[in-house]
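In what follows, a structure is listed as structure tokens, so that the remarks can point back to it.
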Amino acid sequence: MSLRSVRTRFTLWYTAVLSITLLFFSTGTYILVRASFLNHMDWELRHQTASLTRVLDHNPLKIMKIMEHEEGIFRVLDGENPFAATSSWSAAGLDKFSADGKFLSPRSWTAPNGRTYRLQSTITSSAGHGYRIAVAIDEQPTQQLLHLLAFIMLLSIPAAVVLAVAGGYLLAGRVLAPVSIMTAKAREITAERLSGRLPVEDTNDEFGQLATVFNQTFARLEDSFERMRRFTADASHELRTPLTAIRSVGEVGLQRNNDADVCRETIASMLEEADRLTKLVDALLTLSKADSNTIPLNRQPTDLNALVAEVIDCLQVLAEEKEQTLIQDDTEPVFAKVDYAILRQAVINLVDNAIKYTQPRGGIRVVVRPKAARDAVIEIIDNGPGIPQEHQARIFDRFYRIDRGRSRDMGGAGLGLAITRWAVETNGGQIEVESTEGGGSIFRIVLPAWIPPRWTVSRPTNRQASLR
Ligand SMILES: Nc1ncnc2c1ncn2[C@@H]1O[C@H](COP(=O)(O)OP(=O)(O)O)[C@@H](O)[C@H]1O
Ligand SMILES: [Mg+2]
């Protein structure tokens, strides 16, 4: 039992609060009961004193009868002389008590025999006599009752506390049992074994909700670990291909007894592979920075037509090599607040893909247009082979290529669209693809449009108008 465990702390707190409550409650009860007993005795004393006073007023001799019947404990002095006293008065040793006016209100007084009495005295005068009346009630029965009460409390409070502690400890144990189970299960879940999940008994209680949230986190972790693993494996594989190529081209080159032309060819071939390697490493770096959100964004109002025109200018040579037509459909000026360099990269990737995957003498069109006044759209439309439906959802995944062999021949590692999607989304936009097999493809970038602020002409107010 660790002192720092929730179970122990809960039990200790619970015990402390319960003990303090019980202590206050019992002390209060004791004080109240005692006060009530004393009140009752005092009322009795006043009642008896009043009766005796009445008797002395009307018929002093009648007091002897009362004395004989031992109704109460009292003594009456006529001036300093004894007038009447019950035998129990003397028996209790109350003779020593002097009714000198000190006990006009009820007080407790311990007699020489050790018993405590509640006493009250009063002075009354009747028919020329000055009587002093003293009345007493034995406190012993009341004291016994109070002692019994205190005894019961002293016995029952610790018993109640012990019971409550045991009960609380057991209860806390039962309540916290799911936590122990979850802890044990969570310990089994490691980076290597992320497939484990915490048990969820009841999704509606707090522990169930906690376990559910943890399970969702584990699922996300498992997913991202899996993606990371796949990414690393794919990246290593892709890096190895050009390296192997450089190596084998170099080895073949070394073995042969080459003239300068063949050497140049070998070196050119190696440089081409090195170039591919550089592009791949660049793409990997971009994605890694994108993942860690370390690429600074500089979003400025941008003329999308101008951006597309620049990209087309840049890639026109590639299209010409394949005798394709690459044209831009200019509609009206469309602006969006984007990071120019990042969005340009996205458009380059899409136009580059369109050129790469469309057959020679094919056609590629880039359209910039507004959409529903709120959005700006850039569409890259080609009449190439199209993308089969089943691949459309996955072409934006890293290293995903429909035809691995063909794509690599064209220099692609399958990272282009992944980077494109990040580039569009980081600019607040969305990318979608529309394609049918054999019917060409449309890649569509939708961005929130930026509306240039118009000149606002301030009109004269009524007041200004009337001043004229
Ligand atoms: N315009 C297009 N027409 C047909 N297929 C395309 C087009 N653009 C992309 N693809 C397919 O999507 C895959 C992923 O594209 P991308 O991520 O740019 O990788 P890659 O490096 O292969 O170009 C490509 O391998 C290709 O099969
Ligand atoms: Mg590509």
Angle between the chain longest axis and helix 6-58 axis [Cα atoms, degrees, rounded to 10]: 20
About its Cα centre, how strong a charge dipole does the chain have in debye, to the nearest 20, once Lys and Arg get +1 and Asp and Glu get -1 at the Cβ? 1620
Suppose a student asked you for the relative contact order of the stretch 6-146, using Cα pairs under 8 Å spaced at least 6 residues apart; what percent would you report? 23
What accessible area, in Å² to the nearest ten, does a 1.4 Å probe give for residue 109? 60
For the stretch 139-215, the dipole about the Cα centre with charges only on Cβ (Lys and Arg +1, Asp and Glu -1), to the nearest 20 debye, works out at 260
With every protein chain present, what accessible area does residue 14 have (1.4 Å probe, heavy atoms only), rounded to the nearest 10 Å²? 90
Other-chain or far-sequence residues with amide H under 5 Å of residue 139's (modelled H): 116, 117, 118
Where the chain is the region considered: accessible area per residue in Å², 1.4 Å probe: 62
279, 337, reordered so the largest accessible area comes first (probe 1.4 Å): 279, 337
5 angstrom amide H check on residue 440, placed H, neighbours 5+ away: 384, 386
Rounded to the nearest 10 Å², what accessible area does residue 282 have for a 1.4 Å probe in the complete protein model? 80
Apply the Karplus curve 6.51 cos²θ - 1.76 cosθ + 1.60, θ = phi - 60°, to the phi angles in the stretch 335-347 and return the couplings in whole Hz, x for Gly and Pro. 10, 8, 8, 9, 7, 4, 5, 5, 5, 4, 4, 4, 5
Output ordering of 28-39, 380-391 (per-residue mean of other Cβ within 10 Å, highest first) is 380-391, 28-39
Please arrange 163, 198, 12 by accessible surface area, largest first, computed with a 1.4 Å probe and ligands excluded. 163, 12, 198
Positive-end residue of 76, 155, 136, charge dipole of the stretch 70-173 with Cβ unit charges: 155
For the pair residue 23 and residue 359, the simple spin-label estimate (label points 7 Å beyond Cα toward Cβ) gives in nm 9.6
Taking Cα pairs under 8 Å and at least six residues apart, what relative contact order does the chain come out at, in percent? 9
Rounded to a whole %, the carbon-and-sulfur portion of the accessible area of the chain at a 1.4 Å probe is 57
Of 90, 19, 49, whose Cα points farthest to the positive end of the dipole of the stretch 6-146 (charges on the beta-carbon: +1 Lys, Arg; -1 Asp, Glu; origin at the Cα centre)? 19
Can you sort 356, 185 by solvent-accessible area, 1.4 Å probe, largest first? 185, 356
Which ³J(HN,Hα) values in Hz, rounded to whole numbers, follow from the phi angles of the stretch 310-325 under the Karplus curve 6.51 cos²θ - 1.76 cosθ + 1.60, where θ = phi - 60° and Gly and Pro get x? 5, 4, 5, 4, 5, 9, 3, 4, 4, 5, 4, 4, 9, 6, 9, 9
Taking amide H positions as placed 1.01 Å from N in the peptide plane, with prolines and chain starts having none, which residues 5 or more places from residue 258, or on another chain, fall under 5 Å of its amide H? none
Explain nothing, just compute: Karplus ³J(HN,Hα) = 6.51 cos²θ - 1.76 cosθ + 1.60, θ = phi - 60°, for every residue of the stretch 247-252 in order, whole Hz, x for Gly and Pro. 4, 5, 4, x, 4, 4
With +1 assigned to the C-beta of every Lys and Arg and -1 to the C-beta of every Asp and Glu, and no other charges, what is the dipole magnitude of the stretch 6-146 about the Cα centre in debye, to the nearest 20? 680
Whole-angstrom gap from the stretch 21-80 to the stretch 205-274, using each part's C-alpha centre: 106
From the residues 385, 334, 319, which one has its Cα farthest along the dipole of the chain in the positive direction, the dipole being from +1 and -1 charges on Cβ of Lys/Arg and Asp/Glu about the Cα centre? 334
Stretch residue 95-residue 241 to full length: gain in nm at 0.36 nm per residue minus the Cα-Cα span? 40.3 nm
Take the alpha carbon atoms of the stretch 280-304, find their center, do the same for the stretch 415-447, and report the distance between the two centers in whole angstrom. 16
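The values are calculated or read from the model by the stated rules, or taken from the named source; none is laboratory data. All values derive from a computational prediction rather than experimental measurement. With ideal geometry, Cβ positions are generated from the backbone for all residues, glycine too; neighbour counts draw on all protein chains shown. Accessible surface areas use protein heavy atoms only, side chains included; no ligands, DNA or RNA. Shrake-Rupley method; radii C 1.70, N 1.55, O 1.52, S 1.80 Å.
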